[in-house]
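The structure appears right after this line, and notes come after that.
The values are calculated or read from the model by the stated rules, or taken from the named source; none is laboratory data. Computed from a prediction, not measured in an experiment: that's the story for all the values here. In this analysis, Cβ positions are derived from the backbone assuming ideal geometry, glycine residues included, and neighbour counts consider all displayed protein chains. We work out accessible area using only protein heavy atoms, side chains counted, and drop any ligands, DNA or RNA first. Shrake-Rupley method; radii C 1.70, N 1.55, O 1.52, S 1.80 Å.
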Amino acid sequence: MTFNPQFAQIDEILIHNGVVTEEQVKEAFVKQKNFGLKIGETLIKLGYLNEEELVKALHLQLGYDIIDEEQLLNLNSEIVKLIPEPFAVENRVIAIREQGNSIIVAMTDPENIVIYDNLKKILGRPITPVLISESILTDTLERYYKSIRTTTQVEDAVGGFEFVAVDEDENEVTIDSKAKLDAPVVKLVNLMITEAIRSNATDIHIEPLTKHTRVRLRVDGALREVMSPPIGMHTGIVSLVKVMSRLNIAERRLPQDGHISLKTALKRVDVRVSIVPTVTGEKVVMRLLDKGEFGFNLDTLGFTQENREMFKKWIRRPYGIIIASGPTGSGKSTTLHAALKEIMDIESNIVTVEDPVEYRLDGVTQIETKEKIGLKFANTLRHVLRQDPDIVLIGEIRDEETADIAIKYSLTGHLVFTTLHANDAPATITRLIDIGIPPYLVASSLNLIMAQRLVRKICPHCKADYVPAEEELYDAGITTSEAKDINFKKGTGCVHCDNTGYSGRTGIFEMLEVSSKIRKLIFEESNQDVIRDVSIKNGLQTLHDSAILKMKQGITSIKEVIKLTVSD
């Protein structure tokens, strides 16, 4: 007798398709009542079935089409919001598009008559159901309704801040009538900051254009536009930011710097505010620093096994300097704090001097400098010596005085971690000498120089093969013959990565051990090109080499290699 799935139970279809066994189904029926789930969902919970297999079986049984994930990339938000978000989330549905007079609605349970009838009442139009898996629906709901919440008219936004701005003494910064701010402005700034925190953004850019204000968030190192309020609201937005950061509202001709401490229900965030005048108005950049517990370790930063072991060797030395170099936002502080987390123990006194303290490490003495009251790097470091430290982290070497103190610490039995702005590891040596440190002191104190960058990782959900153009190969320093042996990848964009093709970041590293040969070259005041050539001959893996390796492993794309490194 021919098997007809339209007259079969879902478990019979799954068994017939060979995706589960009769024994697994029997077990699922026994545990189904305890879970309070349908049989298919129970099989998924038990690990015998995946969502895609269940959706295919439902398609055979019920005859509904399965929504293609690519069709979810560019939905019309006007169609999506025809179904109110609370109803969509609770009943696991989303409006996809119009088809004639009807609305196509993706549903996890299209046979639920109650949901179906309620949808018809809400939409006031016929419905064409299609099947969607639970996880894909969850991602799609979050993506589109988040966008709708963000870009909806400010007047319709939920009032009241989802955070509290506090000053250094933990006193709440109130938004009073003296600021002369309209409610929509307050609501808009609330949305900006709340969305930035939810998206794990590192920066908020608020910039005036000719006809509107552009608001962008930096997520995973790349800026993305999230809203564009009318230009008429710009002055009010800037004024509110100034009030929260205790800046002069009346001053619009000169740059101003300030900060805001925000307390949310889940964590505390420190916001560094920079305001500069431009030809179209004042531009605001807000750097968000999570003041929560530090969650990284050396195994999650992106080190190769060889580099990780090398780094672990040097961070356990009793004295000397370890420098992490690179531009702002390249992960230097994260790496050094992960190093402290690795080596901290009850026998060591670790002290940090930072501006600001980006991460909290329980068990480490952390000091935040305050320029306004004279608590600067140099004089703070002099007092730190009286605290009997074994290990000192200096947030950044900015001048000769700070560099000189770091050198002296390292030469008197202390292990020093610090950062410096330089393009690569050999250039870090030149930078120290340019600051004013004699070459013989540089050579005597340095243990390890680590240049680093952060490259975006290809989204695992939309990773696909990619054939780069000849121009891209040339820019990346890859020959056509070498390219034949590389399986290039890129992200095509999906609901999981907000259609960017990337999800998260990882580190690439250039680790220069200051060996006796390198010390000799520094003593002789050799230029950085000579130091680089000798280091490469001795096995130095450059930043470019590190990026190429991650590209070959399918972790990042050739575009990221070109964007962040220079081929030799």
For the range 230-247, what does the Karplus curve 6.51 cos²θ - 1.76 cosθ + 1.60, with θ = phi - 60°, yield as ³J(HN,Hα) per residue in whole Hz, taken in order and with x for Gly and Pro? x, 4, x, 8, 4, 4, x, 4, 4, 4, 5, 4, 5, 4, 5, 9, 6, 9
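Tally up the carbon and sulfur contribution to the accessible surface of the chain as a whole percent, 1.4 Å probe, everything protein left in place.
Numbers: 13780 of 28340 Å².
Looking at the chain in its full context, I get 49 percent from C and S.
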Could you grab the relative contact order for the range 518-568? Cα pairs under 8 Å, six or more apart, rounded to a whole percent. 28 percent
Identify the trypsin sites (Lys or Arg not before Pro) of the range 215-324 meeting these criteria: DSSP loop state and at most 10 other C-beta atoms within 10 Å of the C-beta. R253
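Taking the Cα centre of the chain as origin, work out the dipole magnitude from +1 charges on Lys and Arg Cβ and -1 charges on Asp and Glu Cβ, in debye rounded to 20. Please report the intermediate quantities before stating the final value.
Values: 68 positive and 82 negative charges, 184 e Å.
It comes to approximately 880 debye.
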Given Cβ point charges of +1 (Lys, Arg) and -1 (Asp, Glu) and nothing else, what value in debye, to the nearest 20, does the dipole of the range 420-568 about its Cα centre take? 560 debye
Any residue on another chain or 5+ positions along whose placed amide H is under 5 Å from the amide H of L375 is listed here as K370
Please find the FRET efficiency linking D362 to V279, where r is the Cβ-Cβ separation and R0 is fixed at 45 Å, and quote it to the nearest 0.05. 0.40
Quick query: amide H of I367 versus all other amide H atoms, modeled in the peptide plane; which residues come in under 5 Å with a sequence gap of 5 or more or a different chain? T352, V353, E354
Of V273, L298, F311, whose Cα points farthest to the positive end of the dipole of the range 259-386 (charges on the beta-carbon: +1 Lys, Arg; -1 Asp, Glu; origin at the Cα centre)? V273
Hz values of 3J(HN,Hα) by residue in the range 317-327 - Karplus curve (6.51, -1.76, 1.60), Gly and Pro given as x: 5, x, 7, x, 10, 10, 10, 9, 10, x, x
Two-site label geometry, T300 and Q387: point separation in nm, points 7 Å out along Cα→Cβ: 2.6 nm
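Could you sort I548, I13 by their accessible area in this structure, using a 1.4 Å probe and putting the largest first? Don't skip to the end; give the middle numbers.
Details: I548 25, I13 0 Å².
Correct descending sequence by accessible area is I548, I13.
Take the alpha-carbon positions of the chain, form their convex hull, and give its projected area averaged over all directions (one quarter of the hull surface) in nm².
Taking the Cα atoms of the chain, their convex hull projects to 34.5 nm² on average.
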Need the full-extension length gain, E309 to N76, defined as separation in residues times 0.36 nm minus the C-alpha distance. One decimal, nm. 78.8 nm
Once phi is turned into θ = phi - 60°, what whole-Hz ³J(HN,Hα) does the Karplus curve with 6.51, -1.76 and 1.60 give for every residue of the range 354-369, x standing for Gly and Pro? 9, 9, x, 6, 7, 10, 9, 10, 5, x, 10, 7, 10, 10, 9, 6
Cross-link reach list, aspartates and glutamates versus K408, counting only Cα pairs under 15 Å and skipping chain neighbours closer than eight places: D388, D390, D399, E400
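Give the relative contact order (percent, whole number) for the range 439-523; include only Cα pairs under 8 Å separated by 6+ residues. Could the numbers behind the result be given before it?
Numbers: 115 pairs, mean separation 42.0, N = 85.
About 49 percent, as a whole number.
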So if we plug the beta-carbon distance of D485 and K372 into 1/(1 + (r/R0)^6) with R0 = 45 Å, what FRET efficiency do we get, rounded to 0.05? 0.20
Leading residue at positive end of dipole, the range 488-568 (Cβ point charges), from N527, Q553, N538: Q553
If I stretch the segment between T210 and K38 completely, what's the gain in nm (0.36 nm per residue apart, minus their alpha carbon distance), one decimal? 56.3 nm
Can you give the local net charge around E22? Use residues other than it whose beta-carbon is closer than 11 angstrom to its beta-carbon, Lys and Arg +1, Asp and Glu -1. -3
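Based on the Cβ-Cβ distance from A469 to K520, what FRET efficiency comes out when R0 is 41 Å, to the nearest 0.05?
Details: r = 44 Å, r/R0 = 1.08.
Efficiency, from the Cβ-Cβ distance: 0.40.
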Might you work out the accessible area of V269 for me, using a 1.4 Å probe with all protein chains in place, and round it to the nearest 10 Å²? 10 Å²
Unit charges at the beta carbon, dipole of the chain: most positive-side option, V25, S333, V351: V351
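Over the chain, what is the relative contact order in whole percent, taking alpha-carbon pairs under 8 Å and six or more residues apart? Don't skip to the end; give the middle numbers.
Working: 962 pairs, mean separation 51.1, N = 568.
Normalised by residue count, the contact order of the chain is 9 percent.
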Suppose every K and R has +1 on its Cβ and every D and E has -1 on its Cβ; what is the size of the dipole of the range 230-364 about the Cα centre, in Debye to the nearest 20? 400 debye
Whether the range 324-447 is rounded, prolate or oblate, judged on the alpha carbon gyration tensor where a/c under 1.5 counts as rounded: rounded
